[in-house]
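Worksheet: one structure, shown below.
Computed from the coordinates by the stated procedures, all read-outs in this text should not be read as laboratory data. As the structure is a computational prediction, the values presented were derived from the model and not from experiment. Glycine also receives a Cβ, built like all others from the backbone with ideal geometry; neighbour counts cover every protein chain displayed.
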Amino acid sequence: MTSELIYICAGSGLVGLAFYRLATCRDMLLRVLSLNVLAVGIAILFLASARNAGMTDAVPQAFILTGIVVLVAVTAALLALAEQIDSQRDE
Amino acid sequence: MTTVLQVVGLTLTTFGVSFLLIAALGVWRLPDVLSRLHALTKADSAGLALIALGAACLKGRPDSLLVLGLCVVLVALSGVTIGHLIARAHLSEGDLE
Amino acid sequence: MILNFLAFCTLVATLAALPRLIIGPTAADRIIAAQLAGTGTVATLIVLGTADKTPALFDAALVFATLAAVSGLAFVALQRTRL
Amino acid sequence: MSLAFDILLAFGVVFTAAAALGTHDRVASIAGFVVTGLLVALSLVRLGAPDVALAEAAIGAGLTGALLLRSAWRLKPAESRVSPAIDRIIVALIAVCLSGALAWAVYTAPGAALYPALVSERLAESGVTNPVTAVLLNFRAWDTLLEIAVLFVALILVRIVAPAHPQPVVLGELMLPFARIVVPMCAFLAGHLLWQGASVPGGAFQAGAILAGGLLVLMLGGFAVLTPRLLSWGMMVALLGLAVFAVAALSTEALTGTLLLYPDGAAKIWILMIEAVLTLSIAAMLCLLFCGMPRRPLNDV
């Protein structure tokens, strides 16, 4: 159980860090990065809590797998929008 | 026979790991880009190859042998190519920036 | 036991290059540090796979190695587009 | 010793994430993020989730890193106006409280696991022996279908916004042998992951991401020229996955009366067919998300 506790701490640390950066930073790229870190932190938390007696639950694993793929699509869409906003600002 | 293989495997892995440690230290401490690159490429080719060889001795199964060999080839290849590209850019433009 | 210790050492080697990633000073240094961290994770997976008697970790190491090659190339190639 | 390993790994994850988010140097933050992704994947392996670790290594570290790098030089750095110290202290306090509360809540949550028993009970009839693949493509296949739809929506958004293509650059004569080895390796590894996904860690998402990595090497090395024709073919392949999955859903409805309930005994064939098409389609989608679509004149649309 102790090693799960270690990863729970790491996951919640990532969530806190990403939250802090999202709230204080104005740079678009760093905001998208923070969003990714937030999602990764939640993934670790989810999987660490899904683990008991040496086995990891398959249903949360499938959720997180889905989440990772959706996250990359969201990242691409956000970056495309951010590029568009920046180029509009130029004109 | 198995104990001999185990001793050989452990020795090789230890050598590989110390290679990696020294390379990491080199990348951290060496003074300029090209000498750091030198440390990196040694770790990529020699360090990982030694570790994989040691692991192959300890495991001794043909399918894991194949996978380990492919790992070594890929990492060495990417180390060579990336190193070459970084050095080229560094020499021709002063820096990548 | 020895293998667990070796896995720990490999992880130390992976993390030891990170100061270079932070202090730089040039982009090339940072790419070198990232590349070494990639090699370090592959090595860690191999040693862990030997220690844990689970060959599935070797497959994971292979995936890591392939992706390390791709992302290293992306770093160098996309770096130069700004020139 | 393995406890020390876990502690060092967890520390490394948080440390690299802090380094990635704490700097304003673009290369440093993206390189830091890529290393964070690798270390997170390593800790997912330690948490007993190798399927997720493979996907995180391939997508989280590899493709997201490439995407961010593509945009790094196109986005202007925001004006470096720092928010006042008092604001930052308040936000930091809230963040620390949030982390603490989250850790406490997750750690003390009642641990009665509901799903493992259900999954292992029905695993024999799912057609595959890897529980994660069974959940993704049999028990909750409907979710996966919708996920592909979400990916497609993101693709359409990127098409509408139409960011510029990344320009291929001349990288020198070592690129050709590099691509000659890495690209076939990617294709081979994708096939291997797809095939073994039925019994051990692997599957359509991981295979698709690896295949997309291979295509990325071709694009970045300047071996594939992005003509509009090629891009529309890519779009067709991307759509094919969604279409095949939807047709499969409807035909299972016709055959068994329930959406995505595969006919008895044939589940493995169905799952493998769907996964094979999904792999190609996911690879195409990820590539198109990376390289963007051509901007067409308005009267042409």
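Pairs of alpha-carbon atoms within less than 8 angstrom and 6+ residues apart define the contacts here; what relative contact order does chain B have, in percent?
32 percent
Give the Cα extents of the range A:2-90 along the principal axes, in whole Å, largest first.
57, 25, 11
Using only the Cα atoms, work out Rg/Rh for the range D:142-242, with Rh taken as the Kirkwood radius, to two decimals.
Rg divided by Rh gives 1.01.
Can you find, among C:LEU36, C:ILE22, C:VAL47, the residue farthest towards the positive end of the dipole of chain C? Put +1 on the C-beta of Lys and Arg, -1 on that of Asp and Glu.
Of the candidates, C:ILE22 comes out farthest on the positive side.
Note down the net charge around D:VAL132, summing +1 for each Lys or Arg and -1 for each Asp or Glu among other residues with Cβ under 11 Å from its Cβ.
-1
What is the diffusion coefficient of the protein assembly as shown in µm²/s, taking the Kirkwood radius over Cα pairs and the Stokes-Einstein relation at 4 °C with a viscosity of 1.567 mPa s?
Once the numbers are plugged in, D ends up at 54 µm²/s.
Using mean Cβ contacts within 10 Å as the protection proxy, how do D:185-198, B:48-61, D:264-277 order, highest first?
By packing density, highest mean first, the sequence is B:48-61, D:185-198, D:264-277.
What helices does chain D have that are whole DSSP H segments, at least 20 Å long along their own axis by Cα, and with mean Kyte-Doolittle hydropathy of 0.5 or more?
Values: long enough: D:2-22 (29 Å, 1.98); D:26-46 (30 Å, 1.75); D:85-108 (34 Å, 1.80); D:141-161 (30 Å, 2.11); D:175-196 (30 Å, 1.35); D:204-220 (23 Å, 2.05); D:228-256 (42 Å, 1.46); D:267-291 (36 Å, 2.16).
TM-like helix candidates: D:2-22, D:26-46, D:85-108, D:141-161, D:175-196, D:204-220, D:228-256, D:267-291.
Please give the average number of partner chain Cβ atoms lying within 10 Å of the Cβ of each residue in D:189-200, rounded to a whole number.
Values: counts 8, 2, 0, 4, 3, 0, 0, 2, 0, 0, 0, 4.
Counting Cβ atoms of other protein chains within 10 Å of each residue's Cβ and averaging gives 2.
Just the projected area, averaged over all directions, of the convex hull on the alpha carbon atoms of chain D: how many nm²? Intermediate results must be reported in sequence, preceding the final value.
Working: hull surface 85.0 nm².
Over every viewing direction, the Cα hull of chain D projects on average to 21.3 nm².
Taking the Cα centre of the range D:1-78 as origin, sum charge times position over the Cβ atoms of Lys and Arg (+1) and Asp and Glu (-1), and report the length of that vector in debye to the nearest 20.
In total the dipole reaches around 380 debye.
Once you keep just the Cα pairs under 8 angstrom separated by 6 or more residues, what percentage relative contact order results for the range D:1-78?
Details: 60 pairs, mean separation 20.8, N = 78.
For the range D:1-78, the relative contact order is 27 percent.
Could you point to the residue in D:LEU157, D:LEU259, A:GLN88 farthest towards the positive end of the protein assembly as shown's charge dipole, with +1 and -1 charges on the Cβ of Lys/Arg and Asp/Glu respectively?
In the protein assembly as shown, that residue is A:GLN88.
Just grab the label-to-label distance for D:LEU176 and D:ALA249, each label 7 Å out from Cα along the Cβ direction, in nm (one decimal).
About 4.7 nm separates the two model spin labels.
Give me D:GLU125, D:GLU56 sorted ascending by neighbouring Cβ count inside 10 Å, so fewest comes first.
Least crowded to most crowded, the residues run D:GLU125, D:GLU56.
Report relative contact order for the range A:2-90 in percent, whole number only (criteria: Cα-Cα under 8 Å, sequence separation at least 6).
30 percent
Could you calculate the FRET efficiency of B:LEU30 with D:ASP25 from 1/(1 + (r/R0)^6), where r is the beta carbon distance between them and R0 is 30 Å, rounded to 0.05? Kindly include the intermediate steps, with their values, before the conclusion.
Details: r = 20 Å, r/R0 = 0.68.
Between B:LEU30 and D:ASP25 the formula returns 0.90.
Counting only other chains, what is the mean number of Cβ atoms within 10 angstrom of the Cβ of each residue in peptide D:218-228?
If you average over the peptide's residues, the count of other-chain Cβ atoms is 1.
Do the sum for the protein assembly as shown: with -39,500 (n - 2.57) for every DSSP H run of n ≥ 4, divided by all residues, what is the mean residue ellipticity at 222 nm, to the nearest 500 deg cm²/dmol?
Working: 23 runs with 439 residues, N = 572.
When only DSSP H runs of four or more count, the value is -26000 deg cm²/dmol.
Using only Cα atoms and rounding to the nearest 10 degrees, what angle (0 to 90) does helix B:62-93 make with the longest principal axis of chain B?
So the inclination is approximately 10 degrees.
What are the extents of the Cα atoms of chain B along their three principal axes, in Å, largest first?
Reported extents, whole Å, longest axis first: 55, 26, 12.
Taking chain B as the reference, fit the longest principal axis to its C-alpha atoms, fit the long axis of helix B:2-29 to the helix C-alpha atoms, and give the angle between the two in degrees, 0 to 90, nearest 10.
Result, in degrees: 10.
Taking beta carbons within 10 Å but only from partner chains, what does the mean come to for residues D:175-185?
For peptide D:175-185, the averaged partner shielding equals 4.
What length, rounded to one decimal in nm, is gained on full extension from D:LEU230 through to D:ARG122, with 0.36 nm per residue of separation minus their alpha-carbon distance?
34.5 nm
Can you compute the radius of gyration and Dmax for the range C:1-59, using only the Cα atoms, both in Å?
In order Rg, Dmax, the Cα atoms of the range C:1-59 give 13.3, 41 Å.
Compute the acute angle (0 to 90°) between the alpha-carbon long axis of helix A:2-24 and the principal axis of greatest extent of the alpha-carbon atoms of chain A; round to the nearest 10°.
Helix A:2-24 sits at roughly 20 degrees to that axis.
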